[in-house]
Amino acid sequence: MKIILASNNKNKIREVKEILDDINVDILSMKEVGIDIDIEENGSTFEENALIKAREVMKLTKCITMADDSGLEIDYLHKEPGVYSARFMGHDTPYDIKNKALIDRLQGVEGKDRGARFVAAIAVVFPDGKEIVTRGTMEGTIAYKPCGTNGFGYDPILFLPEYNKCSAELSSDEKNKISHRGKALRAMKSRLLMIEEK
Ligand code: IMP
């Protein structure tokens, strides 16, 4: 099975290839199939945005296409920044500023009320109209101050009580095993295997 990945993000492409390595699929990036488009992510959920991207690239390639969308949900902020995680306070604002702003908005909020999670949705769209969407989460709380230098984005402020560490204090191998994207991808892998077996 050949699958186009609607992304040019090298880390995502590597992670998808690693997780799907032991099943019979060939992952091709948009660059590898000569597509260079910017798709407006105007859905109101991670699932909708992943589907929007996968449908758009499938229309152009007529091939099975996979896309993802992810972000940080903070319960106390009614799930903000959510689907706006990348755009929150502007695309180009450094994450140390975004992270500090979010911690500041939780001043006086304690314990479990600081609940938050990374969410990832993965969509696969087939030329015959079939669509599969999976979701994975990485549950935690918002740290009282940023910790760790690994990872990217909001990793320094998602505290993982189970590990007594922030996500940015995990090595990439440790994070991949428990990450929202890893879980959504492994769920997608099971669904794809079921199709292959039919
Ligand atoms: P996208 O899925 O590439 O659109 O990314 C959404 C945004 O969510 C990223 O730019 C980050 O701000 C945030 N995000 C998603 N996953 C992670 C993660 O694993 N660590 C830190 N931030 C993340």
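The values are calculated or read from the model by the stated rules, or taken from the named source; none is laboratory data. Keep in mind that what you see is a predicted model, and the values were worked out from it rather than measured. Neighbour counts run over all protein chains shown; Cβ positions are idealised from the backbone, glycine included. Quick note on the areas: whole protein, heavy atoms, side chains included, nothing else; ligands and nucleic acids left out. Shrake-Rupley method; radii C 1.70, N 1.55, O 1.52, S 1.80 Å.
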| said: So, Ile4, is that one in contact with a Cys (Cβ under 6 Å, 6 or more places away or on another chain), more than 30 Å from Ala143 (Cα to Cα) and either of a type in the set (A, V, I, L, M, F, W, C) or modelled with pLDDT under 90 (or both) or not? | reply: yes
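Counting just the residues of region 31-64 that are in a loop (DSSP other than H, G, I, E, B) and within 13 Å of the ligand (Cβ to nearest atom), which one comes out nearest to Gly136 (Cα to Cα)? It would help to see each step written out before you state the result.
Applying the first criterion (in a loop (DSSP other than H, G, I, E, B)) to region 31-64 yields 34-45, 62-64.
Imposing the further condition that a residue be within 13 Å of the ligand (Cβ to nearest atom) reduces the set to 38-43, 45.
Values: Asp38: 25, Ile39: 23, Glu40: 23, Glu41: 19, Asn42: 21, Gly43: 18, Thr45: 13 Å.
Filtering first and then ranking leaves Thr45.
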| message | Which count do you get for residues in region 155-177 that are modelled with pLDDT of 95 or more, farther than 16 Å from Lys100 by Cβ and open to solvent by less than 50 Å² (accessible area, probe 1.4 Å)? | response | 3
| query | Only one of (1) modelled with pLDDT under 95; (2) open to solvent by 50 Å² or more (accessible area, probe 1.4 Å) is not met by Ile39, so which one is it? | reply | (2)
| query | What are the residue pairs meeting all of these: first residue in region 155-182, first residue within 20 Å of Val16 (Cα to Cα) and without any contact (Cβ under 8 Å) to a residue 12 or more places away in the chain, second residue within 13 Å of the ligand (Cβ to nearest atom) and assigned to a helix (DSSP H, G or I), Cβ atoms under 7 Å, and 6 or more apart or on different chains? | reply | none
| field | Whichever residue in region 84-121 is in contact with an Asp or Glu (Cβ under 7 Å, 6 or more places away or on another chain) and aliphatic (A, V, I, L, M) and, among such residues, is nearest to Gly148 (Cα to Cα) | value | Ala116
| field | Output for region 97-154, where each listed residue is within 16 Å of the ligand (Cβ to nearest atom), open to solvent by less than 40 Å² (accessible area, probe 1.4 Å) and part of a helix (DSSP H, G or I) | value | Lys98, Asn99, Ala101, Leu102, Ile103
